[in-house]
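One structure below.
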Amino acid sequence: MRLRVLVIFVLVCAGGFLSSPDIFAQSEGEETKETAAAKLTLGRAVLCEEIFANAPRNQTVVFSVAKERAVCFTAFENVPQKMFIYHNWFYRDIPSSRIRLVLRPPSWSTYSSIQIRKTDIGPWRVEITDAQGNILHVLRFSITD
């Protein structure tokens with residue numbers, strides 16, 4: 001009988017200890033990936049014809065097939081740690097390409113591009129997302145003759 005009472009007592013105490021929210025709380029100063037991503041700030045997102053000296057040149061939302069290339073430039077601030085973002089290119093709401101790009105602290109600029117062909121004439125968009133797929137920004141543009 002005493003053994004049974006002792007076992008029940010230990011189980012009740014252990015159950016209370018394990019269900020305590022404090023033992024699963026993160027240590028002070030420790031960040032989860034979700035917390036880190038929440039601090040990430042997209043400072044600038046533009047479409048342009050080219051990158052020159054690490055900066056976008058000839059910003060536009062209408063690209064001619066003659067230009068041969070469309071570029072999406074993004075600049076981030078408050079990058080808490082090395083992480084990835086994506087430039088998701090869509091043609092007429094159909095995914096065309098998904099480009100993974102690295103970000104490094106404390107701030108980072110990056111870009112991706114597509115080659116423009118005659119068959120690409122029409123509406124496009126680029127969804128800039130974090131690694132979890134959360135949309136940070138959307139840029140819309142068109143390709144014309």
Out of all the residues in the stretch 70-79, is one or more outside any strand (DSSP E or B), farther than 23 Å from Ser142 by Cα and within 17 Å of the chain's Cα centre (by Cα)? yes
Here is a check on your reading of the model: is Ile128 within 19 Å of Ile51 (Cα to Cα), surrounded by 13 or more Cβ atoms within 10 Å (Cβ to Cβ) and touching a Leu at 6+ places or on another chain (Cβ under 9 Å)? yes
Please go through the stretch 131-141 and pick out each residue that is touching a Lys or Arg at 6+ places or on another chain (Cβ under 9 Å), part of a strand (DSSP E or B) and surrounded by fewer than 16 Cβ atoms within 10 Å (Cβ to Cβ). Val138, Arg140, Phe141
In the set Lys82, Lys118, which member is surrounded by fewer than 12 Cβ atoms within 10 Å (Cβ to Cβ) and in contact with a helix residue (DSSP H, G or I) (Cβ under 9 Å, 6 or more places away or on another chain)? Lys118
Given (1) in contact with a helix residue (DSSP H, G or I) (Cβ under 7 Å, 6 or more places away or on another chain); (2) at pLDDT 95 or above, number of the condition Asp145 does not satisfy: (2)
Sole residue being in a strand (DSSP E or B), at pLDDT 95 or above and more than 17 Å from the chain's Cα centre (by Cα), chosen from Ile114, Ile85, Ile99: Ile114
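The values are calculated or read from the model by the stated rules, or taken from the named source; none is laboratory data. In this text, all values refer to a predicted model and were calculated from it rather than measured experimentally. All Cβ positions, even for glycine, are placed from backbone atoms using ideal geometry, and neighbour counts span all protein chains on display.
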